[in-house]
1. I'd like the full set of residues that are closer than 12 Å to ARG155 by Cα and either open to solvent by 10 Å² or more (accessible area, probe 1.4 Å) or without any contact (Cβ under 8 Å) to a residue 12 or more places away in the chain (or both), limited to the stretch 206-220.
2. Name the pairs: first residue in the stretch 160-181 and in a strand (DSSP E or B), second residue of a type in the set (D, E, K, R) and modelled with pLDDT of 95 or more, Cβ to Cβ under 6 Å, at least 6 apart or on different chains?
3. Being more than 21 Å from ILE111 (Cβ to Cβ) and of a type in the set (A, V, I, L, M, F, W, C) narrows it down to one of LEU178, LEU187, LEU167, LEU159, so name that one.
4. Which count do you get for residues in the stretch 182-205 that are within 12 Å of the ligand (Cβ to nearest atom), within 17 Å of LEU112 (Cβ to Cβ) and open to solvent by 20 Å² or more (accessible area, probe 1.4 Å)?
5. Output the residue which, of all residues in the stretch 84-126 that are more than 25 Å from ALA171 (Cα to Cα) and within 16 Å of the ligand (Cβ to nearest atom), is most open to solvent (accessible area, probe 1.4 Å).
6. Within the stretch 207-229, can you find the residues that are farther than 16 Å from HIS85 by Cα, assigned to a strand (DSSP E or B) and not aliphatic (A, V, I, L, M)?
7. Looking only at the stretch 13-38, filter to residues that are hydrophobic (A, V, I, L, M, F, W, C) and open to solvent by 10 Å² or more (accessible area, probe 1.4 Å); which one of those is nearest to the chain's Cα centre (by Cα)?
8. Which of the following residues is outside any loop (DSSP other than H, G, I, E, B), at pLDDT below 95 and farther than 17 Å from SER31 by Cβ: GLY257, GLY238?
Amino acid sequence: MPNPYSRAEAAAHVIATRLHAAPKVAVVLGSGWVGVAEGLGETTAELALVDLPHVPAPTVQGHSGVARAVDVAGTPAIVLGGRSHLYEGHPVDTVVHTVRAAVLAGCTTVILTNACGSLDPAMGVGQPVLLSDQLNLTGANPMCGDEPPVGYPGRFCDLTEIYSRRLRDAAHVLDPTLPEGVYAGLLGGSYETPAEIRMLRTLGADLVGMSTVLEAIAARHLGAEVAGVSLVTNLAAGMGAELSHAEVLDAGRSSAGRLMTLVAGLVGAAA
Ligand code: HPA
């Protein structure tokens, strides 16, 4: 089995030859965000995510499973309609694989979106939130394992500004009411218990989910500027009604227009 970086290089080659030769921005659409892809701009090429080398078959409902090249008001973007998660049983290198591939294909900005639970009643269902920072509580890290190969940055990457202040400022120009929050990324599989949510609140989390944190680390390691946007699909466990994946997908559908404008604005702000 080639090392994770060689695998990402193989997928980057397919992105460059079958989607776009010089993409600038990668957008990862999480649960509830699939509707955003169509409205972003003209799709100039597309393929199934599984047609990228080393991408596993998707198992999560609410992901399109399509990778598109989209012209977003003149900026070439790769829009990835889905992601792999640790809770599906994938190793960490598989979880960050498409993000690594997109950066190796030339994307200098990565926009990560997800569905999340909110720990703050002021950030209610349907509210998009810009990630200001994260707690990686998955127990995994893409910088674990063999030292990155020669030619790649070393493993101890700086995460002081994991989510770009510059991109957050640009989003605020478009929508000054957008809140910011700290995202706690958990291994997942199940939703949390109310006691776990109380624990996360004392740890400084505003939002909770099961994705994004590993991809953000991998993208920063390769030098990309990263933006994260969570869509609140429910109040966290113990704060409202019981949690269901159907509710998560519904919240996405009803916020699609606002989310699209936000993602388009972030793409436009890419350096
Ligand atoms: N917890 C974890 N992940 C989630 C949630 C939640 O409440 N909502 C959507 N994804």
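1. Passing the criteria: only ARG220.
2. From residues that are in a strand (DSSP E or B), the pairs are GLY181/ASP206.
3. Just a single option satisfies the conditions, and that option is LEU187.
4. From the stretch 182-205, those within 12 Å of the ligand (Cβ to nearest atom) are 183-194, 196-197, 200, 205; that's our starting set.
From what's left, within 17 Å of LEU112 (Cβ to Cβ): 183-186, 188, 205.
Checking the rest, the ones that are also open to solvent by 20 Å² or more (accessible area, probe 1.4 Å) come to 186, 188.
Going through the stretch 182-205 one residue at a time, the tally reaches 2.
5. Once the filter is applied, the top-ranked residue is TYR87.
6. Result: GLU225, GLY228.
7. Within the stretch 13-38, the match that is nearest to the chain's Cα centre (by Cα) is VAL34.
8. Selected residue: GLY257, the only one of GLY257, GLY238 that is outside any loop (DSSP other than H, G, I, E, B), at pLDDT below 95 and farther than 17 Å from SER31 by Cβ.
The values are calculated or read from the model by the stated rules, or taken from the named source; none is laboratory data. It should be emphasised that the depicted structure is a prediction, and the values quoted were computed from it without experimental measurement. Note that each Cβ is placed from the backbone with ideal geometry, even for glycine, and that neighbours are counted across all protein chains shown. Note: areas computed on protein heavy atoms with side chains; ligands, DNA, RNA excluded. Shrake-Rupley method; radii C 1.70, N 1.55, O 1.52, S 1.80 Å.
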